[in-house]
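Here the structure comes first, spelled out in structure tokens, and everything after it is commentary.
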């Protein structure tokens, strides 16, 4: 198999990029947690500067990079394939607050499963007792499938409460793993995971209060952050906005309301975009990011953490930037389909 010699700056680390894999996948395979989020070419979190060499995009230019950026030498590593024998790429190095963190490949088993809402399942994973899995609240892991395919899920529990790894998994029509999970996957099923991954964690060194905006199961990493901060005594103001379609999708609404009674620095606002008459909803309606901005128009006073569907994250990035939020005060995790799952979805829904 042919490969490309990849040099990462400023570290001068050298990797091999195999034919047919993206630059990001090569880095993850080598145990490097490069900046990234959606893996679908939408969010631009993996944007890096190409110093030498050439790349190509087999699926066409991704939406997350403009023609001017590409002409200026930038590439999206989650979609870019090597097109020359050697590449040199300059990346942003973001170090986790846990020095001993490293990407691991571990076996695990499903300890138990719990239905949270229609189409949402909590899955609790038991790791080997001899292994230590160090992660930061907000990160995710990959469940490995055959042919080295993977499915990414955020960790919903904080590191200090990690007897099991808790995932909140939404059923995806045609999704290989989620279809198996909801169609009768049993407790004690053996899986293999890789992680922890991602740079979506709370910047505790910041003095600013925080707005946390989640859409659907994008609530999961924010949940881990909140439990981590509040249960360790952090007293900064925190305001969680949770957007969902119907009342049933707010599967921890009662718990969050109770938490606001225990922790005076926590505010919680649920927002429904498609409430039904049966919901008898008296709360906020519409788009969750619009509710957050309406309550907090002075965005520069806050750090903002957003996670959920790409369309929601992109709306936050665009609108909040226009309204004065500095780029270095926005942190996001964009939930997108894995590349092979996205291609399957396109084949079953032509033109979409």
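With respect to residue 265, determine if the residue is touching a residue at least 24 places away in the same chain (Cβ under 8 Å) and either within 15 Å of residue 286 (Cβ to Cβ) or within 21 Å of the chain's Cα centre (by Cα) (or both). Before you say what the answer is, go through the steps one by one.
Values: touching a residue at least 24 places away in the same chain (Cβ under 8 Å): yes; either within 15 Å of residue 286 (Cβ to Cβ) or within 21 Å of the chain's Cα centre (by Cα) (or both): no.
For residue 265, the condition - touching a residue at least 24 places away in the same chain (Cβ under 8 Å) and either within 15 Å of residue 286 (Cβ to Cβ) or within 21 Å of the chain's Cα centre (by Cα) (or both) - is not met.
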Note to self: Just to be sure I understand, how many residues within segment 116-141 are outside any loop (DSSP other than H, G, I, E, B) and touching a residue at least 60 places away in the same chain (Cβ under 8 Å)?
What the structure shows: 6
Check: Does residue 91 count as modelled with pLDDT of 90 or more, surrounded by 13 or more Cβ atoms within 10 Å (Cβ to Cβ) and either in contact with a helix residue (DSSP H, G or I) (Cβ under 6 Å, 6 or more places away or on another chain) or within 30 Å of residue 135 (Cβ to Cβ) (or both)?
Finding: no
Next item on the list: Residue by residue through segment 67-88, note down the ones that are part of a loop (DSSP other than H, G, I, E, B) and either in contact (Cβ under 8 Å) with a residue 40 or more places away in the chain or touching a strand residue (DSSP E or B) at 6+ places or on another chain (Cβ under 6 Å) (or both).
Entry: 73, 77, 78, 79, 80, 83, 84, 85
Check: Given the residues 278, 272, 229, 238, which is the only one that is more than 25 Å from residue 158 (Cβ to Cβ) and surrounded by 20 or more Cβ atoms within 10 Å (Cβ to Cβ)?
Finding: 272
Check: Looking only at segment 153-171, which residues are out of contact with any helix residue (DSSP H, G or I) (no Cβ under 7 Å at 6 or more places or on another chain) and surrounded by 20 or more Cβ atoms within 10 Å (Cβ to Cβ)?
Finding: 153, 165, 166, 167
Checklist line | Output for segment 126-146, where each listed residue is closer than 18 Å to residue 179 by Cα and touching a strand residue (DSSP E or B) at 6+ places or on another chain (Cβ under 8 Å) | finding: 142, 143, 144, 145
Next item on the list: Look through segment 321-352, keep the residues that are part of a loop (DSSP other than H, G, I, E, B), on the phi < 0 side of the Ramachandran plot and exposed (fewer than 10 other Cβ atoms within 10 Å of the Cβ), and return whichever of them is modelled with the highest pLDDT.
Entry: 350
Note to self: With the requirement that a residue be outside any strand (DSSP E or B), under 22 Å from residue 292 (Cβ atoms) and over 12 Å from the mean Cα position of the chain (by Cα), what does segment 177-215 give you?
What the structure shows: 202, 203, 204, 206, 207, 208, 209
Check: Quick one: is residue 32 under 26 Å from residue 327 (Cβ atoms), within 25 Å of the chain's Cα centre (by Cα), in a strand (DSSP E or B) and in contact (Cβ under 8 Å) with a residue 40 or more places away in the chain?
Finding: no
Margin query: Checking the structure you have, find out if any residue of segment 285-294 is touching a strand residue (DSSP E or B) at 6+ places or on another chain (Cβ under 6 Å), assigned to a helix (DSSP H, G or I), surrounded by fewer than 18 Cβ atoms within 10 Å (Cβ to Cβ) and free of Cβ contacts under 8 Å to residues at least 60 places away in the same chain.
Written below: no
Next item on the list: Could you check residue 156 against (1) on the phi > 0 side of the Ramachandran plot; (2) within 15 Å of the chain's Cα centre (by Cα) and say which number it fails?
Entry: (1)
Next item on the list: Inspect segment 52-66 for any residue being crowded, with 17+ Cβ neighbours inside 10 Å, part of a strand (DSSP E or B) and touching a residue at least 40 places away in the same chain (Cβ under 8 Å) and give the result as yes or no.
Entry: no
Notebook entry, point to check: If we scan segment 262-277, do we find a residue that is in a helix (DSSP H, G or I) and touching a strand residue (DSSP E or B) at 6+ places or on another chain (Cβ under 8 Å)?
Noted result: no
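I'd like to check something: does segment 89-104 contain any residue that is more than 22 Å from the chain's Cα centre (by Cα) and either assigned to a strand (DSSP E or B) or more than 30 Å from residue 188 (Cβ to Cβ) (or both)? Reasoning before the result, please.
If we filter segment 89-104 for residues that are more than 22 Å from the chain's Cα centre (by Cα), which is where we start, we get 89-90.
Then keep just the ones that are either assigned to a strand (DSSP E or B) or more than 30 Å from residue 188 (Cβ to Cβ) (or both); that gives 89-90.
Within segment 89-104 (the criterion being more than 22 Å from the chain's Cα centre (by Cα) and either assigned to a strand (DSSP E or B) or more than 30 Å from residue 188 (Cβ to Cβ) (or both)), the answer is yes, since at least one residue qualifies.
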Check: Can you find a residue in segment 230-239 that is over 17 Å from residue 120 (Cβ atoms) and in contact with a strand residue (DSSP E or B) (Cβ under 6 Å, 6 or more places away or on another chain)?
Finding: yes
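Hey, can you tell me all the residues within segment 295-313 that are part of a helix (DSSP H, G or I) and surrounded by fewer than 20 Cβ atoms within 10 Å (Cβ to Cβ)?
First, the residues of segment 295-313 that are part of a helix (DSSP H, G or I): 295, 299-301, 310-313.
Passing the criteria: 295, 300, 301, 311.
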Next item on the list: Only one of these is closer than 24 Å to residue 134 by Cα and surrounded by fewer than 23 Cβ atoms within 10 Å (Cβ to Cβ): 258, 205, 252. Name it.
Entry: 205
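The values are calculated or read from the model by the stated rules, or taken from the named source; none is laboratory data. The shown structure was predicted, so the numbers you read here are calculated from the model rather than taken from an experiment. Note that each Cβ is placed from the backbone with ideal geometry, even for glycine, and that neighbours are counted across all protein chains shown.
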